[in-house]
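Chemist: Sending over a structure as structure tokens; questions will come in a sec.
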Amino acid sequence: DSMVADTTTTATCGYCSTGCGLRLHLRDGEAVGLTPETQYPVNLGMACPKGWEALRVLDSDERATTPLLRDANGKMQPIEWEAAFTTFVDKMRGVQEKHGQDSVAFLSTGQIPSEEMAFLGALARFGMGIRHGDGNTRQCMATAVTAYKESFGFDAPPFTYDDFEQSDCLIFIGANPCIGHPIMWERVLRNPNTPEIIVIDPRRTETAMAATQHLQVKPKHDLAILYAITKLLIDNGYVDRQFVEGHTNGFEELCEHVSQFDVDTVAHAAGVSVGSLEQVAHTIGTRKAVSLWWTMGVNQSYEGTRTAQAMINIALITGNIGRPGTGANSITGQCNAMGSRLWSGTTNLLGHHSFASEQDRQKVADVLGFDSECIPTTSSWRYDRIIEGVRNGEIKALWVIATNPAHSWIDQADVKELFGKLDFLVVQDMYDTTETAEHADLIFPTAGWGEKEGTFINSERRYGLLKKVRRAPGQALSDFQILRGIAHYWGVGEQFAEWTDPEAVFRIMQRASRGQPCDITGIDGYAHIDRCGGIQWPWTEADAAATGSSEPPQQRRLFEDGRFFYDDGKAKLIVDDITPMPEPPTQKYPVTLLTGRGTVSQWHTQTRTKQSPVLGMLYPQEAYVEINPVDADEWEIVHGDTVTIESRRGKIEANACVTATVRRGQAFIPMHYAETNQLTLSHFDPHSGQPSYKDCAVRITPK
Ligand code: SF4
């Protein structure tokens, strides 16, 4: 039987940042099936439906199998790779010559391995003179990055998944792990400490239903709520004075800032009781190991950075960091969001160095064997600025890699119109049917998860291995091979002679990490990562020498010695004023629209997950909107009706889901539907540039 496996191997899942290990059942080196890996320290034998279906989506008819070029009649025509590469080089160079070096930009992803990200960033910025490129991680983790950098002195999520089981009080803010990170939630369910579970979320999410305390705050009141809780912690003597003195700066400013917040007023405005805030403060103050967790409800907000820092402040002033079960912990979204943070080389120089520092530029140039002159002295424009550049004609050619902005970027109608303004759009993707691919002039077909090698870094800083267990269809190549081709045809093949394969680039990354908080010089290649069930950063040469032949411990957290990454070793407590909601509800648009993950079975814009019939059965194919029953009565809407949802930017239809998960005056639409971002308002967190997807004003009427 050709389906009977003769061996197995383990690889990290390529959807979410949990980074589960999947055991691939191989026949003659090709995967014929998979099961969750029981020995992997992340998922302990569990996987969500997306992971279970990871192979199925590779076999789709919608796979891109050959390069395609738009002809004079507007039709996409198959071409050979050589023609694809020369067209790419001619067009991109042509645009640069005509409109200036900076008129070409790229948008990449958190879905490809670190080695491909590092190669893309280095090739584009140091080889091709493309100064501007950013990733879809701007939509996902940028806020957490900025918050950590400013608070800790480095972008460093402190936790390890064991903390889900060690904590005796878990606080989830703007996070719905039941749906968004189901295996992490399973780890919470294994917690033996009868933990208090506090959820702060405008929706009564699946996680909120399982919580012991749910603060169903009105949208965008989380920052004020956190300041009010901080005030209560200070006023009630729940501060760990010794920790504050020894390990933080800014406590006096923090006290002064939060003293302005009247708890009654904040509670009333946020739609929660004073007693509920007091109870949260009391719980934090009296539990032994408190952990705070956040995802996109915080990150995707116009004041997301300060909200994340308000959580970090609470962990710091109560001494809930660096011990088992504690931490202010950002759960990342994509499988390699952290790879993008450390290795994309766009807004941070390789290994989270600084473009502005001459010393850093020289260090990285030496590591790469490049002339330091080729390293720009400034960061790339952020995603929103690149889009703005397309709008005002500064960007004329765009190269989009493994992401689907025509669906996912905020205010999608605007993005679609903008793509029409480009002289040349290149889309590099596994599928040539995405909303963005429809606008492309040139398509590069790529290998996907399971068809190439590299490393992903999960939410707890663990490097996990991606493995090649399938052949990519047709002429599709890995992003790595495509980058090799581009380097050659661009004429910089010599400069990148050392970048021969993913593991060679991993060695370069190790050298670039030396001396950084994310130092991985102690890892002995891919085989070592494979043997250990992944390795968390940092793992330095000194760590490796100190442990001799034994492997790194399987669960490691940061800041156990209370030292942060600023020169004085102290963390910063950062506070700010509250920003008013940019588009508050009005009489004409009386409803605040929330967006987010709607299911465990779909991923992002459904590019991959819609290819699985099984995943399709687990989720409605048509868009739906959650509406509160009292609102539905008033608007004469019955469950299942088709309704119209209209914002100042767009109008869509969806099926009404009448449910008390949302409060009156709010509605929720999952982000997986193409329609959702026709409604959203283009506005951003000023510190991180992350789009604020969850607070635009709409009106809902029966169709
Ligand atoms: Fe695990 Fe996330 Fe993959 Fe599901 S999608 S199997 S939770 S890594």
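We did not get these values from a lab; they are worked out from the coordinates using the rules stated. Here the structure is a predicted model, which means the values were calculated and not measured. Quick reminder, even Gly has a Cβ in these numbers, built from the backbone with ideal geometry, and neighbours come from all protein chains shown.
Chemist: Could you tell me how far the Cα centroid of segment 567-604 sits from the Cα centroid of segment 184-222, in Å?
Modeler: First find each Cα centre; the distance between them is then 17 Å.
Chemist: If you don't mind, another one. Any idea what the alpha-carbon Rg over 2.2 N^0.38 Å comes to for segment 591-702?
Modeler: 1.08
Chemist: Using +1 at the Cβ of each Lys and Arg and -1 at the Cβ of each Asp and Glu in the chain, identify which of N677, V104, L292 lies farthest towards the dipole's positive end.
Modeler: The one lying farthest along the dipole's positive direction is N677.
Chemist: Something else now. What are the ³J(HN,Hα) couplings of segment 293-301, residue after residue, when phi is run through the Karplus curve with 6.51, -1.76, 1.60 and θ = phi - 60°? Round to Hz, x for glycine and proline.
Modeler: 10, 9, 9, 6, x, 8, 4, 8, 9
Chemist: Modelled label-to-label distance, T659 and N249, 7 Å Cα→beta-carbon offset: nm?
Modeler: 4.7
Chemist: Please name which of W399, A64, G14 has its Cα lying farthest along the dipole of the chain towards the positive end, using unit charges on Cβ (Lys, Arg +1; Asp, Glu -1) and the Cα centre as origin.
Modeler: In the chain, that residue is A64.
Chemist: Hey, with R₀ at 30 Å, roughly what FRET efficiency would Q587 and D423 work out to, going by the Cβ-Cβ distance, to 0.05?
Modeler: 0.10
Chemist: Starting at the first residue of segment 268-283, write each ³J(HN,Hα) from the Karplus equation 6.51 cos²θ - 1.76 cosθ + 1.60 with θ = phi - 60°, in whole Hz, x for Gly and Pro.
Modeler: Values, residue by residue: 4, 4, 7, x, 10, 8, 4, x, 5, 5, 5, 5, 4, 4, 5, 4 Hz.
Chemist: If r is the Cβ-Cβ distance from K703 to V274 and R0 is 41 Å, what FRET efficiency results, to the nearest 0.05?
Modeler: 0.45
Chemist: What is the pair-distance distribution P(r) of segment 80-142, computed from all Cα-Cα distances in 5 Å bins starting at 0, with each bin given as a whole percent?
Modeler: Spelled out per bin, shortest first, that is 4, 16, 21, 23, 20, 11, 4, 0.
Chemist: Then there is this: Can you work out D for segment 142-330 in µm² s⁻¹ from Stokes-Einstein, where Rh is the Kirkwood radius over C-alpha pairs, the temperature is 37 °C and the viscosity is 0.692 mPa s?
Modeler: Estimated diffusion coefficient is 203 µm²/s.
Chemist: Further, regarding this structure: When the chain is fully extended, how far beyond the present Cα-Cα distance does Q362 get from D530, taking 0.36 nm per residue of separation?
Modeler: Roughly 57.2 nm would be gained on extension.
Chemist: Given the -39500 (n - 2.57) contribution per DSSP H run of 4+ residues, what per-residue ellipticity at 222 nm results for the chain, rounded to the nearest 500 deg cm²/dmol?
Modeler: It lands at -9000 deg cm²/dmol.
Chemist: Please list, in chain and number order, the residues 5+ apart from T8 or on another chain whose amide H is under 5 Å from its amide H, with Hs placed from the backbone.
Modeler: Those qualifying (amide H under 5 Å, at least 5 residues apart or on another chain) are L26.
Chemist: Work through the residues other than A144 whose Cβ is under 12 Å from its Cβ and net out their charges, Lys, Arg +1 and Asp, Glu -1.
Modeler: 0
Chemist: Could you pull the Rg and Dmax for segment 564-616, using just the Cα atoms, both in Å?
Modeler: When restricted to the Cα atoms of segment 564-616, Rg and Dmax are 21.0, 55 Å.
Chemist: Evaluate Rg over Rh across segment 522-631, taking Cα atoms for both radii and Kirkwood's formula for Rh.
Modeler: 1.18
Chemist: Magnitude of the Cβ-charge dipole of the chain, K/R +1 and D/E -1, about the Cα centre, nearest 20 debye?
Modeler: 380
Chemist: Now, a different point. Enumerate the amide H contacts of Q334 below 5 Å, restricted to partners 5 or more residues apart or on another chain; note that Pro and chain-start residues carry no placed amide H.
Modeler: S17
Chemist: Could I ask something else about it? Along the principal axes of its C-alpha atoms, what lengths does segment 309-421 span, in descending order and rounded to whole Å?
Modeler: That works out to 52, 41, 23 Å along the principal axes.
Chemist: Considering amide H positions built from the backbone, and no H for Pro or chain starts, which residues 5 or more places from K467, or on another chain, come under 5 Å of its amide H?
Modeler: Counting only residues 5 or more places away or on other chains, the set is T12, G450.
Chemist: Return the distance in nm (one decimal) between the two label points of a simple spin-label model at R93 and N236, each offset 7 Å from Cα along Cα→Cβ.
Modeler: 6.8
Chemist: To continue, here is another question. So, in nm, how far is label R27 from label R471 when the simple model puts each one 7 Å beyond its Cα toward the Cβ?
Modeler: Taking the two extended label points, one gets 1.5 nm.
Chemist: Kindly provide the trypsin sites (Lys or Arg not before Pro) of segment 1-98 that DSSP labels as loop, not H, G, I, E or B, and whose Cβ sees at most 14 other Cβ atoms within 10 Å.
Modeler: K75
Chemist: Sticking to Cα atoms, compute the Rg of segment 7-59 to one decimal and its Dmax as the biggest Cα-Cα distance, whole number, in Å.
Modeler: Calculated on Cα positions, Rg and Dmax stand at 10.3, 30 Å.
Chemist: Could you give me the percent of Cα pairs per 5 Å distance bin for segment 506-570, shortest bin first, beginning at zero and ending with the bin that holds the maximum distance?
Modeler: Computed distribution, short to long bins: 4, 16, 26, 25, 17, 8, 4, 0.
Chemist: Mind putting a number on the dipole of segment 7-59 about its Cα centre? Charges go on the C-beta only, +1 for Lys and Arg and -1 for Asp and Glu, and I need it in Debye to the nearest 20.
Modeler: Roughly 120 debye for segment 7-59.
Chemist: I need the phi-derived Karplus couplings for segment 214-228: 6.51 cos²θ - 1.76 cosθ + 1.60, θ = phi - 60°, integer Hz, Gly and Pro marked x.
Modeler: Per-residue couplings from phi come out as 10, 9, 8, 6, 5, x, 6, 10, 5, 5, 4, 4, 5, 5, 5 Hz.
Chemist: A further question on this structure: Between Rg and the Kirkwood Rh of segment 411-515, both from Cα atoms, what is the Rg to Rh ratio?
Modeler: 1.03
Chemist: Could you work out how much longer the chain between D543 and D641 gets when fully extended? Use 0.36 nm per residue separation minus the Cα distance between them, nm to one decimal.
Modeler: Here the segment from D543 to D641 would lengthen by 29.2 nm.
Chemist: Could I ask something else about it? Which whole-number percentage describes the relative contact order of the chain, with Cα contacts under 8 Å and a sequence gap of 6 or more?
Modeler: The value is 20 percent.
Chemist: First select every other residue whose beta carbon is under 9 angstrom from the beta carbon of R306; then total the charges, Lys and Arg +1, Asp and Glu -1.
Modeler: Charge balance in the 9 Å sphere: -4.
Chemist: Quick one: net charge of F444's neighbours, Cβ under 11 Å, K/R +1, D/E -1?
Modeler: Here the count lands on -3.
Chemist: Further question on the same structure: So, with +1 on the Cβ of K and R and -1 on the Cβ of D and E, and no other charges, what is the size of the charge dipole of segment 457-578 about its Cα centre, to the nearest 20 debye?
Modeler: About 520 debye.
Chemist: Shifting gears a bit: Report the FRET efficiency, 1/(1 + (r/R0)^6), for S550 and R56, where r is their Cβ-Cβ distance and R0 is 35 Å, rounded to 0.05.
Modeler: Between S550 and R56 the formula returns 0.35.
Chemist: Let me test this: with uniform point scatterers at the alpha carbons of the chain, what is the Debye-based log₁₀ I(q)/I(0) at q = 0.11 1/Å?
Modeler: For the chain, the Cα-only Debye profile gives -1.18.
Chemist: Going down the table (K91/K396; K220/K288; K651/K694), which pairs top 19 Å between alpha carbons?
Modeler: K220/K288
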